[in-house]
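Inspection log for the structure reproduced underneath, given as structure tokens.
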Amino acid sequence: MDFLRDPIGFVIQWYVGWLAGLGLPAVWVDVIAKLTGALVLATGAMLFVVFLIWYERKLIGRIQDRFGPNRVGPWGLLQPVADMLKIFTKEYITPIGADKFAYNLAPILAVAAVLLLWSVLPLSMTVVGTDLNVGLLFLIAVGGLGEMSYILAGWGSNNKYALLGAFRLVAQLISYEVPLVLSALVPVMLAGTLSVTGIVEAQEGVWFIVVAPAAALIFFIASIAEIGRSPFDLIEAESELVAGYNIEYSGLKFGMFFVAEFLHAFTVSLIFATVFLGGWRGPGAEEIPILGFVYLMLKTFVVYFVTILFRGTLPRFRIDQMMNLNWKVLTPLSLALIMAMAIAGGLTRDLPIFWQVMAFVLVNLLLLALTDQIMKIARRKKAKVNLAIGTGQPILTSSTKHGTGE
Amino acid sequence: MNGLQAVFLLAALVSLFSAAMVVSARRMMHAALWLVLTLMGVAVIFVTLQSSFFAVVQILVYVGAIAILIIFSVMLTRRVMEDHGDQILPGWRGAALVVVLLFAVLVGFLALWQGFTALLVELPPEADNLLELGKALVSPQGYVLPFELASVLLVAALIGAITIAVDRKEERGG
């Protein structure tokens, strides 16, 4: 294998060959190679967060007409390193009455749950941790483990604000998992497999975001809610509340939650790019596998950029609005979408692929337009009800109740 | 003993030990966490049986949903659910006898069942066991009837939950 065309795959092959050359049995070679791969991938992903934090702060700064970090190193690149060193030296404070086991387990579990997601994602044609035949299900199941860490953190800190924050967070995560799973079923139906590698391979002709734009939209919204980014950041709500589940954490234990949050945000972008944007696919990616890795990173950064744009521009939801969006719009829409896609796929089974794709796109756009109309009607009705209350009885506004003269 | 057997033994020991801890832990929260470990151990056993689908569904449903709901309800009852008294009931000998008898009866009847001793058919290497499972669940020769019955049961449970949770207008008016 050529080193220049596929450096990562080349190194992996060389390493496995070297291990086998030491005279170890084949089973042990496999175990050691996988363990090393996991170690390298996890360390690389966690170090990558240093760059992500800088990137996000810089972008948010630009959106808000600031410079962002610009003092430490060129363009402020070393700012996260300085912050990291600072957080290493801080004192660990364990609150009185905290459940030590749960309190200390939570940050580890939070990072581990995110790192586990990387184990089934194909990074290029030749580099993939494990090709599970239930890969997509694995992604969702492991994502659920993260919720456990937030509960443990909230409960273990012996603080009622942390507990309330954990309740709010887990309520949001469990709710948005429903449309997330349902919309992820659409690519599974189109690819005919649960394996992530298989889903990437099935997008050879056309990306799934083109075939199923509605599913991609639901998946994107639900994954933003899963990572608790604005406009779904009412679990943190820095400007209104005292943080949330992680209020009692200090030093590196807080840092672990911080790393988990940033890495999760990047990882869901990676999952979106893999499932809907064709993963490592691109011109020439099969002949030169390293190009596939570059394509995947480009796609991921485009998705990540959009989530940061959301974070920098959209105001926060109220909790009832957030729940309404999930249970009254996204969940019914994704259920209807699955049924409509199945029917459209069944009816156009014998047609050429072009007409199949057209049918899928038509179904998606129709459902999106219908949802939009229904939401508009509901809003108009609500406005009418509010108006009726307004004319029926005079509303006490703050100015009449506590006027300036009082 | 090969590696697979070692993993199986380890997973079985961990799940049995944590299952014992579920009933003997003094704090409800710790019992719930031990339960999570037990369920994870069962998932590992599914993996050693090459049934990755069941392993992932075990984590998705039992750890991701049911254990989280249990922990959710335990969190609401902090301090109330702590046990300080003696953990062994006075009549534990009778209980142990009943448990042993029940276990013997269950194993005895299972041994009589012909599926218990039937040899498993190995799938051809190119077959996807997930695909075979999916086909078996919807084929009339397979498990379509139990599958549909379970679905009806779940729908009934859903409707029941909604009926309980909905606040009726006449009650509110009165």
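The values are calculated or read from the model by the stated rules, or taken from the named source; none is laboratory data. Note that the structure is predicted; figures quoted are calculated from it, not measured. All Cβ positions, glycine included, derive from the backbone under ideal geometry; neighbour counts span all protein chains shown. The accessibility values were calculated without ligands, DNA or RNA, using every heavy atom of the protein model including side chains. Shrake-Rupley method; radii C 1.70, N 1.55, O 1.52, S 1.80 Å.
Entry remark, the stretch A:128-144: residues being more than 7 Å from every other protein chain (Cβ to nearest Cβ) and open to solvent by 20 Å² or more (accessible area, probe 1.4 Å) number 5 in total.
Take the conditions (1) open to solvent by less than 100 Å² (accessible area, probe 1.4 Å); (2) within 12 Å of chain A (Cβ to nearest Cβ); B:LEU76 misses just one of them, which is (1). Here the condition is being within 14 Å of another protein chain (Cβ to nearest Cβ) and either open to solvent by 80 Å² or more (accessible area, probe 1.4 Å) or not β-branched (Val, Ile, Thr) (or both); of B:LEU37, B:LEU13, B:LEU106, B:LEU9, it holds for B:LEU37 alone.
Screening the candidates B:VAL14, B:VAL22, B:VAL44 for the property of being in a helix (DSSP H, G or I), at pLDDT 90 or above and either charged (D, E, K, R) or farther than 20 Å from A:ALA113 by Cβ (or both) yields one hit, B:VAL22.
Selection of helices (runs of 4 or more DSSP H) fully inside the stretch A:331-406 by the criterion of at least 2 residues being at pLDDT below 90 and charged (D, E, K, R) returns A:353-392. For A:PHE51, indicate whether it is in contact with a helix residue (DSSP H, G or I) (Cβ under 9 Å, 6 or more places away or on another chain), assigned to a helix (DSSP H, G or I) and surrounded by fewer than 16 Cβ atoms within 10 Å (Cβ to Cβ). Yes: the conditions hold for A:PHE51.
This table checks each residue for (1) over 29 Å from B:HIS30 (Cβ atoms); (2) of a type in the set (Val, Ile, Thr).
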position	(1), (2)
A:PHE67	yes, no
A:VAL81	yes, yes
A:ALA102	no, no
A:ALA141	no, no
A:GLY144	no, no
A:GLU147	no, no
A:GLY154	no, no
A:ALA166	no, no
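The single condition among (1) buried (at least 21 other Cβ atoms within 10 Å of the Cβ); (2) outside any helix (DSSP H, G or I) that B:GLN50 does not satisfy is (1). Summed over the stretch A:276-314, the residues that are of a type outside the set (D, E, K, R), in a helix (DSSP H, G or I) and open to solvent by 20 Å² or more (accessible area, probe 1.4 Å) give a count of 15.
Determine, yes or no, whether B:LEU69 is facing chain A (nearest Cβ under 9 Å) and closer than 30 Å to A:TYR161 by Cβ. So B:LEU69 passes the test. The single condition among (1) in contact with a Phe, Trp or Tyr (Cβ under 7 Å, 6 or more places away or on another chain); (2) at pLDDT 90 or above that B:MET29 does not satisfy is (2). If I filter the stretch A:115-123 for residues that are aromatic (Phe, Trp, Tyr), within 14 Å of chain B (Cβ to nearest Cβ) and surrounded by 15 or more Cβ atoms within 10 Å (Cβ to Cβ), do I get at least one hit? No: the stretch A:115-123 contains no residue that is aromatic (Phe, Trp, Tyr), within 14 Å of chain B (Cβ to nearest Cβ) and surrounded by 15 or more Cβ atoms within 10 Å (Cβ to Cβ). The set of residues in the stretch A:220-275 being more than 9 Å from the chain's Cα centre (by Cα), hydrophobic (A, V, I, L, M, F, W, C), outside any helix (DSSP H, G or I) and under 18 Å from A:VAL306 (Cβ atoms) consists of A:PHE232 alone.
Selection of the stretch B:109-133 for residues being within 14 Å of chain A (Cβ to nearest Cβ) and without any contact (Cβ under 8 Å) to a residue 24 or more places away in the chain yields B:LEU123, B:PRO125, B:GLU126, B:ALA127, B:ASP128, B:LEU131, B:GLU132.
If you scan the stretch A:65-97, which residues turn out to be small (Gly, Ala, Ser) and either part of a loop (DSSP other than H, G, I, E, B) or more than 20 Å from A:PHE51 (Cβ to Cβ) (or both)? Once the filter is applied, which keeps residues that are small (Gly, Ala, Ser) and either part of a loop (DSSP other than H, G, I, E, B) or more than 20 Å from A:PHE51 (Cβ to Cβ) (or both), the stretch A:65-97 yields A:GLY68, A:GLY73, A:GLY97. Condition first: open to solvent by 80 Å² or more (accessible area, probe 1.4 Å), more than 30 Å from A:SER195 (Cα to Cα), among the hydrophobic types (A, V, I, L, M, F, W, C) and outside the structural domain of B:ALA31 (by TED's automatic domain parsing). Can you find one or more residues in the stretch B:118-138 that meet it? No, the conditions are met nowhere in the stretch B:118-138. Taken over the stretch A:366-387, the criterion of being open to solvent by 90 Å² or more (accessible area, probe 1.4 Å) and touching a helix residue (DSSP H, G or I) at 6+ places or on another chain (Cβ under 9 Å) is satisfied by A:LEU366, A:LEU370, A:ILE374.
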